[in-house]
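Only one structure is covered here, and it is reproduced in the block below.
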Amino acid sequence: MSSDWPLWEVFVRSKGGLSHRHVGSVHAPDAELALAHARDTYTRRLEGVSLWVVPSADIVASNPEQAGELFEPAQSKIYRHPTFYDIPDEVKHI
Amino acid sequence: MPFEPEHRRRYIIHMYTTELQKSAKIENLEDPKLLEAFEARVAADEFIEPKDWMPEAYRRTLTRQISQHAHSEIVGMLPEGNWITRAPSLRRKAILLAKVQDEAGHGLYLYCAAETLGTSREQMIEALHSGKAKYSTIFNYPTLTWADIGAIGWLVDGAAIMNQVPLQRTSYGPYARAMVRVCKEESFHQRQGYEIMIALANGTAEQKRMAQDAFNRWWWPSLMMFGPPDENSPNTAQSMRWRIKRETNDELRQKFVDITVPQADFLSLTVPDPQLKWNEEKGGYDFGEIDWEEFYAVVRGEGPVAKERMKARRDAWQDGAWVREAAAVHEEKRRARKAA
């Protein structure tokens with residue numbers, strides 16, 4: 001069993017109007033220090049205006065081995081894209 | 001109510017974190033089908049992510065490569081940290097502080113990337129401090145004068161950039177992403193070093209002498225940073241196939257020499273290699289034989305200041321123990337108070 005501090009995933013909003021984006025992780029004993037470490041580690045050059053830290057153990061994700069079953073069905077549903085539909089050229093603004 | 005927590009659990013197929021999976025089961029490691037699919041993905045320049053299947057040898061090689069790289073960043077703070085209190089101006093001191101802080105950051109990005117392969121931070125630090133893990137031989141040379149800080153930024157960071165730029169396209173996603181961040185920041189390091197060299201090269205006779213002396217001492221160790229010659233680098237072929245390495249040691253070394261010699265000319269410094277000569281036919285410089293005996297001696301831990309470096313690391317780790325313990329106890333107390 002490792003005595004490392006817990007791991008936190010770090011997300012940075014690079015500027016107003018954009019989503020937070022995953023940039024890496026830090027070890028910290030608590031949320032406050034996780035934020036402090038994230039700030040020192042990932043935003044030394046104005047990389048962001050806002051930070052999120054999330055305990056890594058709390059992240060739930062899809063299984064890469066199931067990626068086929070999960071995402072491939074979308075491939076056959078090309079009618080979900082606007083380019084699927086033939087519209088005569090003389091029709092404008094559509 | 002499909003999103004009630006306990007209900008949701010049924011839909012969770014797999015936990016995904018970059019934290020260690022302590023009970024990760026050993027998969028059919030060398031299942032030929034999996035191996036074939038893996039090789040095909042890598043050959044197609046796809047990225048491999050932490051929970052994707054990978055051959056055990058790929059995991060092991062990458063863990064070693066990334067952690068060595070992380071250790072190098074961390075130990076790399078020591079030769080330069082040596083000069084923070086003696087920087088010749090406030091401007092230089094602020095720059096050097098920022099650079100050393102960057103090296104710590106680079107070490108942290110890389111440790112995080114290595115941890116996603118299943119080795120804990122603690123294990124890696126332990127391996128460094130016990131001497132089991134290696135780090136770049138370059139940091140086992142001393143920084144004798146201020147000119148060394150210029151030479152390190154220019155040459156050592158220059159060589160590091162040469163090594164690291166291709167790694168932004170390495171096949172392992174977390175490593176490639178860490179390298180993108182590192183490369184963005186390294187350019188500052190190299191330019192600040194070269195600027196120090198410009199100042200000295202345009203200074204007094206004594207300053208010029210210092211610049212040449214530092215150049216003489218750092219040139220050959222910088223060429224050694226690219227590792228042994230290709231014919232003595234048995235893992236190169238495998239690493240190239242796995243996209244863990246994208247160019248060979250000798251290719252990168254040649255590139256470094258070709259771009260660095262004109263930079264030395266600009267400073268009116270003499271490359272300490274009587275055999276250095278432009279080769280029109282190959283479009284690059286021919287250069288003298290590297291002292292590989294010295295290289296392997298430094299790899300074995302016989303570098304001029306290897307012992308001091310490791311002692312400084314261990315002392316820092318021990319001296320900081322109370323901070324780590326205090327932070328952990330504080331968090332425990334806070335949690336207990338909250339629960340009460």
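Cβ-Cβ under 7 Å, sequence separation 6+ or interchain: first residue in segment A:69-85 and aliphatic (A, V, I, L, M), partner in a helix (DSSP H, G or I). Which pairs?
A:78/A:84
Can you give me the number of residues within segment B:27-74 that are within 14 Å of another protein chain (Cβ to nearest Cβ), outside any helix (DSSP H, G or I) and surrounded by fewer than 13 Cβ atoms within 10 Å (Cβ to Cβ)?
Of the residues in segment B:27-74, 2 are within 14 Å of another protein chain (Cβ to nearest Cβ), outside any helix (DSSP H, G or I) and surrounded by fewer than 13 Cβ atoms within 10 Å (Cβ to Cβ).
If residue B:77 meets every condition in (1) within 18 Å of residue A:37 (Cβ to Cβ); (2) surrounded by fewer than 19 Cβ atoms within 10 Å (Cβ to Cβ); (3) away from chain A (no Cβ under 13 Å); (4) among the hydrophobic types (A, V, I, L, M, F, W, C) apart from one, which number is that one?
(2)
Of the residues that sit in segment B:151-198 and are without any contact (Cβ under 8 Å) to a residue 40 or more places away in the chain and hydrophobic (A, V, I, L, M, F, W, C), which one is surrounded by the most Cβ atoms within 10 Å (Cβ to Cβ)?
Result: B:179.
Here is a check on your reading of the model: is residue A:54 within 13 Å of chain B (Cβ to nearest Cβ), touching a residue at least 40 places away in the same chain (Cβ under 8 Å) and either of a type outside the set (Gly, Ala, Ser) or more than 30 Å from residue B:330 (Cβ to Cβ) (or both)?
For residue A:54, the condition - within 13 Å of chain B (Cβ to nearest Cβ), touching a residue at least 40 places away in the same chain (Cβ under 8 Å) and either of a type outside the set (Gly, Ala, Ser) or more than 30 Å from residue B:330 (Cβ to Cβ) (or both) - is met.
Give segment B:287-335 a look and list any residue that's more than 14 Å from chain A (Cβ to nearest Cβ), of a type in the set (A, V, I, L, M) and assigned to a helix (DSSP H, G or I), or say none. Steps first, please.
First, the residues of segment B:287-335 that are more than 14 Å from chain A (Cβ to nearest Cβ): B:287-316, B:318-319.
After this cut, where a residue has to be of a type in the set (A, V, I, L, M) as well, the list is B:290, B:297-299, B:305-306, B:310, B:312, B:316.
Residues satisfying the conditions are B:297, B:298, B:299, B:306, B:310, B:312, B:316.
Computed from the coordinates by the stated procedures, all read-outs in this text should not be read as laboratory data. None of these values were measured; they are calculated from a predicted model. We place every Cβ from the backbone using ideal geometry, glycine too, and count neighbours over all the protein chains shown.
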